[in-house]
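Before any comments, here is the structure.
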Amino acid sequence: MTPTLDDRITGSLLGAAVGDALGGPVEGYTPEQILERHGGRVTGIVGPWNGDAWRTARPIAPYHKGDGHVTDDTLMTHALIRVYEKVRDHLDAYAVADHLVPDLVGNPVWIPELEAEALPLQRIFLAEKWIVARIHYGHVDPREAGSGNIVNCGAAMYMAPVGLVNAAHPARAYAEALDVAGAHQSSYGREAAGVFAASVAAACAPGATPESVVDTALALAKDGTRAAIEAVCEVAARHDDVESALIPLRDAVAPFDTVGPDYRAPSLGARRPSRLHSIEELPVALGMLLAGAGDYRRTVLGAVNYGRDCDSIATMAGAIVGALRGEPAVPSDWVKQVAEASRLDLHAPATALAAVAHEVFARDTARRREHEAAYTALTSAAR
């Protein structure tokens, strides 16, 4: 059966959260290190890399990554959904300034990795704190606030809601995400946000396939982002399992990735604006989508075992597969474990966003009909 829009929204958001939780404890490591640490590939929810010493062990401390805890990827996704709940229409950079920033600095939520209720600002990474510094304290034009920030996947990682509100309209999702992300990122970081949102929107289209999602991404992507997706997906198409694709996908994206071979020791050219480069996470997520043939377990576990920034890769891959296949594609036992461990209602944000998506479509329809009527009047008068 073709999944309904509500089902796809739920599947996408659940898929993203579960991918995030699965990838969190192995973030920053290589496939070889993951293999050695876990005695094989990660096949489900695992504990912290440093066991009970997670509070003080570097380089991750003091975050409880593992045991089914979601990370800042999911926290930011849910925060953006709360913005949609308030605006109940398409978003732009000013919605970030008017609603997202106040949420980050004034709305305490449960932070699984801190095992405490706290402001999101106290957990998000430096690239996300930039939004607060530039807009809340610097009063920068929201449309330009992302300029000067480190260029990474910070904006892209939470753009799935934009794709879902614009379900089956990838071009509109791309444009809206670029506007929203302007408050956060520049260059290929902002571009990736637009392409990821478009990929999620494309995955919602009836009859969509992993290949059609990638084709849509390539049709919209620009510069290094397009080149990286093309290179990675060309390699991924030659693999029918994610295990054999792990190293080839890294080799394919390496020329476009500015971080370099040592994820924890970025090169001096890392995360700087460029038309030639791309974030690593989105191309690899799309590559895993192809290698995993759109199957949730294969695709997301491939992303997890890839290592490096694998929580964000698995978040993106999980969001796309969930939008393609709907809620049944995401293993219910993983959803239950992550929701309980993270002490979050993972279904509530999906229900809220689905209601907004229906309202936005109704508004878009009314606006389109108003424009059609005006156009008809204009062209009729010419006759």
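Using a Förster radius of 30 Å, what is the FRET efficiency between ASP223 and ASP141 based on their Cβ-Cβ separation? Nearest 0.05, please. Walk me through the intermediate numbers first.
Working: r = 24 Å, r/R0 = 0.80.
FRET efficiency, ASP223 to ASP141: 0.80.
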Neighbours of THR74 by Cβ distance under 14 Å: Lys/Arg at +1, Asp/Glu at -1, summed charge -4
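D for region 325-383, whole µm²/s, Stokes-Einstein with Kirkwood Rh over alpha-carbon pairs at 37 °C and 0.692 mPa s: what number?
On the way: Rh = 15.1 Å.
After rounding, the answer is 217 µm²/s.
What length, rounded to one decimal in nm, is gained on full extension from THR4 through to SER212, with 0.36 nm per residue of separation minus their alpha-carbon distance? Show your work: numbers first, answer last.
On the way: separation 208, 0.36 × 208 = 74.88 nm, distance 1.85 nm.
Stretched out fully, the THR4 to SER212 stretch lengthens by 73.0 nm.
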Could you tell me which trypsin sites (Lys or Arg not before Pro) in region 257-320 are loop residues by DSSP with no more than 15 other beta carbons within 10 angstrom of their beta carbon?
ARG264, ARG275
I'd like the distance separating the alpha-carbon centroids of region 103-119 and region 243-305, in whole Å.
30 Å
How far is it, in nm, from the label point at ASP251 to the one at THR379 when both lie 7 Å from their Cα along the line to the Cβ?
5.4 nm
How many times 2.2 N^0.38 Å is the alpha carbon radius of gyration of region 181-260?
1.15
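Rounded to the nearest 500, what is the chain's calculated 222 nm mean residue ellipticity when only DSSP H runs of at least 4 contribute -39500 (n - 2.57) each, over all residues?
Working: 16 runs with 212 residues, N = 383.
Counting only the DSSP helices, I get -17500 deg cm²/dmol.
Determine the gain in length on full extension of the stretch ASP262-ALA348; use 0.36 nm per residue of separation and subtract their C-alpha separation, reporting nm with one decimal. Write down the numbers at each step before the final one.
Working: separation 86, 0.36 × 86 = 30.96 nm, distance 3.84 nm.
Length gained, ASP262 through ALA348: 27.1 nm.
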Entry for Kirkwood radius over Cα pairs in Å (calculated from the structure that is shown) out of [x] 20.5; [y] 21.2; [z] 22.4
[x]
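Where a number appears in this text, it was derived from the coordinates with a stated rule and is not lab data. Model, not experiment: these values are computed from the prediction. Heads up, the Cβs are rebuilt from the backbone with ideal geometry, glycines too, and the neighbour counts pull from every protein chain shown.
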